[in-house]
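Structure first, commentary second.
What follows draws every value from the coordinates through simple rules; no lab data is involved. Predicted, not measured: the structure shown is a model, and the values here were computed from it. Counting neighbours? That spans all protein chains shown, and the Cβs are built from the backbone with ideal geometry, glycine included.
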Amino acid sequence: MKRVRIGGGQGFWGDSPDAAIHMVRHGNLNYMACDYLAELTLSIMQRQKMKNPKAGYARDFIDLMEVIGKEAFEQKIGIITNAGGMNITGAVEALAETARQQGLHGYKIGYVTGDDLMEKIPDMIAQGCKFENMDDAGDFRDIQDKLVNANVYFGREPIMECLREGADTVITGRAADSAMFLAPLAYEFGWKEEDMDDLARGIMAGHLLECGGQGSGGNFQYDWRGVPDMDRLGFPIAELTEDSFHITKAPECGGLITEQSCKEQFLYEVHDPANYITPDVTVDISRATLTQDGENRVKVGNIKGKKKPDMLKLCLGYHAGYKVVTYLSYAWPDAYEKAQYAADILMKKMKRKGMQYEDIRIDYLGLNALHLDVAEIDDELIKRTNEVVLRIAIRTKDKKNAKMIIPEISPLQLNGPPGASFFGGRAHVTDVIGLWPTLIPRDAVTLQSHILEVE
């Protein structure tokens, strides 16, 4: 019986490469998929590319392939990644150069283009596309002249086409996270459009792997103290046959695979368990089962699939103004009271100088910086507080207003309540990128699959 093992090598841009290296060497893999993209990542990459045309992709992936590329090629482990970001051809060229340096003649790099719709937006507007916000948060006309990027989430098909052409590695832009895992499974097992339950199994395999270590004991709320050897955390591996589906991990690494760890990732970002929408299939996990089936091995069952959606999600990034974030720390005694007084001084000065802002947050690290307005702060807690960090964040429409607060922070060390410590260097103004999620017809998107063979 055919068996396919696919590992989740990266959970985000900046993730540790250690688990990916370990699973290539010890995981007995057929494939490994590496996820680098989140909603804001593409906007950040686009800004990088605007400054440097050779940038705009996840250089981390090339660094990883410098370590495991040759081993994966020799073991015939297919690599799939969305590390191409906003510069897919740049990532392909960098990987090709790495393959040449490693002597991998005949190495085939597949890549998918067409998810970047920035240049098509004017035509789509002319054709009547409204770009209505999925969260009903405003009017598109207010942001259409501020767009930074426009990328559509796509599914398995163009990745599968690259695999059919013999690609050893496939690089994409904004492929849906789980589609990178579904593609090799559907390719290997020959799943068709009508095999919706199988497609749904493949999607959930990807969903359980796409966040890397979060699926194997990292960020584990239920029993984080019980996770063994987190300093060498292994990432999850999905093992599928035509009629079985298991989650496991490589041997000789840390972490754990249990019913509870899998359940936490299983429900992560799934708003409606009966209708988890992806470009490839709508998944129903409302009656799914997760059962321990040995040490670090969980069996997953009863996943059902429904018709895929008629529309695709388009993520628009736009320039939403400027921000400044700055900090001052205060020590016992009366740390919280001092920090509050310092914030009051700043706000009075800003008001007197006429600073205009769109939004402001004043929080106190150690008391309410995470839970914000729902944090419970009572007199007893305040008395026990040894130190507090005052954090002030403002967002403005223009740089001039944002800059006004910067020279007022450092002087508070001597011109405000006692015990202040200025740290982190002088604050600076940064751009704010807003996100505009919307839906567009499938026929508005044309994706192309390519192969580059390294000579």
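Points to keep in mind about this one:
- Candidate aspartates and glutamates - alpha carbon under 12 Å from residue 348, same-chain residues fewer than 8 apart omitted: 408
- Computed from point charges on the beta carbon alone (+1 for Lys and Arg, -1 for Asp and Glu), the dipole magnitude for segment 1-148 about its Cα centre is near 720 Debye.
- Note on segment 1-134: the C-alpha convex hull projects to 11.0 nm² when averaged across all orientations.
- Protection proxy ranking, peptides 273-279, 284-290, average beta carbon neighbours within 10 Å, highest first: 273-279, 284-290
- Charged-residue dipole, Cβ positions (Lys, Arg, Asp, Glu), the chain about Cα centre, Debye nearest 20: 1440 debye
- Distance between segment 142-196 and segment 324-371 - C-alpha centres, whole angstrom: 45 Å
- P(r) for segment 316-434, from all Cα pairs and a bin width of 10 Å, is 14, 43, 32, 11, 1 %, short bins first.
- Projected label points at residue 344 and residue 400, each 7 Å from Cα along the beta carbon direction, are separated by 3.2 nanometres.
- Charge dipole (debye, nearest 20) of segment 316-434; +1 at Cβ of Lys and Arg, -1 at Cβ of Asp and Glu: 800 debye
- Among beta bridges from DSSP that stay inside the chain, the antiparallel ones total about 80%.
- Projected over all directions and averaged, the alpha-carbon convex hull of segment 41-85 occupies 3.3 nm².
- Placing dummy labels 7 Å off each Cα toward the beta-carbon, the span from residue 146 to residue 263 is 4.3 nm.
- Members of 76/249; 70/192; 49/313 lying beyond 26 Å, as alpha-carbon distances in this model show: 70/192
- Between segment 13-47 and segment 412-441, the alpha-carbon center distance in angstrom: 29 Å
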